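All remarks here apply to the structure that follows.
Only the coordinates and a few stated rules stand behind these numbers; no lab work does. Everything numeric in this text was worked out from a predicted model, so none of it was measured. Counting neighbours? That spans all protein chains shown, and the Cβs are built from the backbone with ideal geometry, glycine included.
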Amino acid sequence: MTVTQERPAVEVADHQQLVTLKIRRYDPEVDPEANWQEFQVPVEKGDRLLDALHHVKWYLDGSLTFRRSCAHGVCGSDAMRVNGVNRLACKVLVKDLGGRDGDTITVEPIKGLAVLKDLVVDMDPFFEAFKSIKPFLITSGNEPTRERLQSAEDRARFEDTTKCIMCAACTTACPVFWNDEAYFGPQAIVMAHRFIFDSRDEGADERLEILNEKEGVWRCRTTFNCTDACPRGIQVTKAIQEVKRALIFRKV
Amino acid sequence: MHHKYDVLVVGAGGAGLMAALYAAKGDVSVAVISKLYPTRSHTGAAQGGVGAALGNIGEDHWEWHMFDTIKGGDYLTDQDAAEVFSKDVIDAVYELEHMGLPFSRTPEGKIAQRKFGGHTREFGKAAVERSCYAKDRTGHMILQTLYQQNVKEGTTFFNEFHVLDLIIENGRCCGVVAFELATGEIHTFQAKSVILASGGYGRIFKITSNALTLSGDLMSIYYRKGLPLEDMEFYQFHPTGLTKLGILITEGVRGEGGILRNKDGERFMERYAPTIKDLAPRDMVARAIYTEIRAGRGCGPAGDHIFLDLTHLPPEQLDAKLPDITEFARTYLGIEPYTDPIPIQPTAHYAMGGVPTNIDAQVLRNNTDIVPGLFAAGEVACVSVHGANRLGTNSLLDINVFGRRGGLSAAAYANSLAAHVDLPDNPVDDVVALLQRLRDGGGTENVATIRSELQETMDAHASVYRTEETLKQAEVDIAGLKARYVHVGVADRGLRYNTELLEAVELGFLLDLAEVMVVSAKARNESRGGHFREDFPHRDDVNFMRHTMAYKDGGDIRLDYKPVVQTRYQPMERKY
């Protein structure tokens, strides 16, 4: 069911365009069923999708609920499904969503995690998967007084996976995860990669054992959805493949 | 629901996460409460680096760092704090590396360092490589690393719990009241020690680098109890935010050789700071930018911004050292930094002032006495190590050094108490009444409209340049907005994830803090660091070498003052 707001014509200034946001709404306190709702939103060149969502929340319907914080793609709060693909609302511009006059942009919560209200999902299973791969540096022996040395080449080996902001865009774009929530998902494997390939870390064997389990890395079917979804440009599928290879050859 | 811990940390950014790790070393129970998931905290947005005199590139000494911090703070810095800070941070950086922080590396494999604004060798002779960095994502790496360590230690987190009151009974802090976002339930947390680590309040301004969630909650809550906020007139504007958006573009860009240019292509900082030019401290660069714009030398059709030029730097260098900021320019402005300069303008960035503390992170209730059981660290606190203007990189030091000290102090205090202090009979009453008034009061004023008007007036009247007249205008505007705030309404009556309700609460905090800033600024008839009064353009050490202490006194604000701690370095004219 789609509800369209009955409102007087929206005022649109010369430098603005009108787009329609079609948003998946869910609030079990109001209605046990989710439904679609459309809002007409005036946008300016350069507006982020987040700006358009804020326009709805601040001036049209205060009950629209989503997470956000930094508003420039570094905190990972506002991953959502935009026109069918995972994006950060603050890192995608309306004009890049085909948001020209009269166009409709669909916005839904990310998939595979329980929806709690509107675009807010239960992130706890996602963080639990992350925690299960021992996401911290594991070392033995005495620490040096100063820094450990690490060559620029060794540092570069895991650079890509240090960029992860834990927004869950990759994990919730993964068809395997949609069908089996016990699967760790791409993000947990990315985080394992960040440590497994860090020359300072001595926990690779422990982590590889965990990833070798039934719900581990072998569930990946290399669909590349995760890589396409990552707002940080991490080569997620490549990282997963490197972890698989490390498991086969038991050599990092 | 009721909870009981020895040490409670409010906020899960760098300071809070560090405090939690160090409190836990004291064999006490620790919990962290945050209105966000920890990895969403704004520490993660810091870019350029953490300053420490490691000397990995050129010779460096903690005394030089201490001096730069004091001079950068326009001598309002408390020098005992600056000394502790410059010494402690060296070990703090090594500790972060040991925890796994992936610093960029020198060819020898040491932690890489680069130049940053106001950091010099030999007391001002030339810029020095002091900023330890991980590309332009140093804050992200610190936040991730500290969170990882907390996962390792099994820290208890209450995520998306919004602290709405501090429980202070007979002068002692004994817990907090928090709103659980998921359910709307009100929780009491009883604790022997509470550490405030909740960050800043940049959202009083329109153009800001700060996250939407930075509304100064705990500063305002503290202030509403009649307890003082220190040096609130000192607010930092980072010179280089993306124009109109305020998104931070790190000073590390200039550390890597980026140059500020006006519309004539002139490297104008040569006129303002002949020795270190584009790497002058932030307050000076921000003023220089607005001076150029006011003189008609701004860029663009409206002449309202300045160019940050990286086009002379090799693309490989930008890719290797500054990948995120180049991506920001592309994503948000459609600018290719390889070939085109980035349009920038100053952006509200960092509060030098806040909840007053001593160097052990104990919160002060006046110039000398502490509030037993209450500690603060990071941007929410005012130690005061940053004085009138913080140097770039020094906030990431602050969270590590004083987060650690706060954690240790809080644990020691908790261990010194045989039992928890009893809570008052009805600790949640004020919070319940506040929420009920907002949710069910039937008001018609719109939260976003009031907030937007507040931000407009603060940008126009209380930012880089101020006069008595502009500050009076801001004061009048804020008074009008506060009167309207009484009548705000909230459409969402639900309990579940009622973020609209919390935005209304946050607006109340912002209005308080804006008012304190303006009143404190209006009384400081001098220019020092980040506080520049066009009607009093010089520093006045005779009358104003002192910290402001602002107290809520009924409906008014009462100002008192506190002496500055001076040890090694005597005030001099500030030239670069």
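Partner chain Cβ atoms within 10 Å, averaged over the residues of B:31-39 - can you pull that number for me?
The mean count of partner-chain Cβ atoms within 10 Å per residue comes to 3.
In nm, what is the difference between 0.36 nm times the number of residues separating B:M572 and B:A491 and their Cα-Cα distance?
23.6 nm
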Dividing the mean separation of Cα pairs under 8 Å (6+ apart) by the residue count of chain A yields a relative contact order in percent of 17 percent
In whole Hz, what ³J(HN,Hα) sequence does the range B:421-427 give by Karplus (6.51, -1.76, 1.60; θ = phi - 60°), x for Gly and Pro? 6, 5, 6, x, 4, 10, x
Expressed in angstrom and rounded, the centroid-to-centroid distance over alpha carbons for the range B:458-472 and the range B:34-70 is 30 Å
Would you please give the residues with an amide H less than 5 Å from that of B:A351, counting only those at least 5 places away or on a separate chain, with H modeled from the backbone geometry? B:Y201, B:Q236
Separation of the A:T104 and B:A302 label points, Cα + 7 Å toward Cβ, nm: 3.4 nm
Amide H within-cut-off set for A:C75, under 5 Å, with H built and near neighbours excluded: A:C70
Orientation-averaged projected area, Cα convex hull of the protein assembly as shown (nm²): 32.5 nm²
Quick shape check on the range B:1-146: root eigenvalues a ≥ b ≥ c of the Cα gyration tensor, a/c under 1.5 is rounded, otherwise prolate if a/b tops b/c, else oblate, and it reads prolate
Rounded to one decimal in Å, the inverse mean reciprocal Cα-Cα distance for chain A, i.e. its Kirkwood radius, is 19.9 Å
Using only DSSP helix segments of four residues or longer, with each worth -39500 (n - 2.57), what per-residue ellipticity at 222 nm results for chain A after dividing by its residue count and rounding to 500? -7000 deg cm²/dmol
Report relative contact order for the range B:243-346 in percent, whole number only (criteria: Cα-Cα under 8 Å, sequence separation at least 6). 31 percent
Quick check on packing: order A:212-225, B:107-120 by the mean number of other C-beta atoms within 10 Å, highest mean leading. B:107-120, A:212-225
Sequence-distant or interchain residues sharing an amide H contact under 5 Å with B:I370, placed H: which? B:R365
Just the isolated ones, please: cysteines in chain A lacking another cysteine beta carbon under 4.7 angstrom. A:C90, A:C164, A:C167, A:C174, A:C220, A:C230
Other protein chain Cβ atoms within 10 Å, averaged over every residue that makes up B:96-109: 6
Which entries of B:K110/B:K206; A:K131/A:K238; A:K117/A:K163; A:K91/A:K214 show an alpha-carbon separation above 32 angstrom in the structure shown? B:K110/B:K206; A:K91/A:K214
Across the range A:111-124, in residue order, what do the Karplus-derived ³J(HN,Hα) couplings come to in whole Hz, using 6.51 cos²θ - 1.76 cosθ + 1.60 with θ = phi - 60° and x for Gly and Pro? 9, x, 10, 4, 7, 9, 6, 6, 9, 8, 10, 6, 8, 4
Rule-of-thumb check for chain B: C-alpha Rg over 2.2 N^0.38 Å? 0.91
Please list the helices of chain B that count as membrane-span-like by this rule: a mean Kyte-Doolittle hydropathy of at least -0.5 together with Cα atoms stretching 18 Å or more along the helix axis, each helix being a complete DSSP H run. B:79-99, B:394-416, B:447-461, B:499-523
For n ≥ 4 DSSP H runs only, could you compute -39500 (n - 2.57) per run for chain B, divide by its residues and tell me the 222 nm figure to the nearest 500? -10500 deg cm²/dmol
Tell me, what ³J(HN,Hα) does each residue in the range A:143-158 have, in order and in whole Hz, if you take phi through Karplus 6.51 cos²θ - 1.76 cosθ + 1.60 with θ = phi - 60° and put x for Gly and Pro? 7, x, 5, 9, 6, 5, 7, 8, 5, 4, 5, 5, 5, 5, 4, 10
Computed from the beta carbon distance with a Förster radius of 51 Å, FRET efficiency for B:D264 and A:E38 to the nearest 0.05 stands at 0.55
For the range A:2-121, shape from the Cα gyration tensor axes a ≥ b ≥ c, cut at a/c of 1.5 then a/b versus b/c, turns out oblate
Rel. contact order, % - alpha carbon contacts under 8 angstrom, at least six apart, chain B: 22 percent
Average partner chain C-beta neighbours within 10 Å, per residue of B:43-50? 2
Tally the DSSP beta bridges in the protein assembly as shown and give the antiparallel ones as a percent, rounded to 5. 70 percent
Please work out the C-alpha center-to-center distance from the range A:27-64 to the range B:73-119 and express it in whole Å. 44 Å
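Would you tally the net charge around B:H98, using a Cβ to Cβ cut-off of less than 11 Å, leaving B:H98 out, and scoring K and R as +1, D and E as -1?
-2
How high is the FRET efficiency between B:T291 and B:D440 when r is their beta carbon distance and R₀ equals 45 Å, given to the nearest 0.05?
After rounding, the FRET efficiency stands at 0.35.
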Ordered by fewest other Cβ atoms within 10 Å, a rough proxy for footprinting exposure, B:T368, A:T106 read B:T368, A:T106
Separation between Cα centres of the range A:180-250 and the range B:120-162, rounded to whole Å: 25 Å
Cα-based shape type of the range B:243-346, given that a ≥ b ≥ c are square roots of the gyration tensor eigenvalues and the cut on a/c is 1.5: oblate
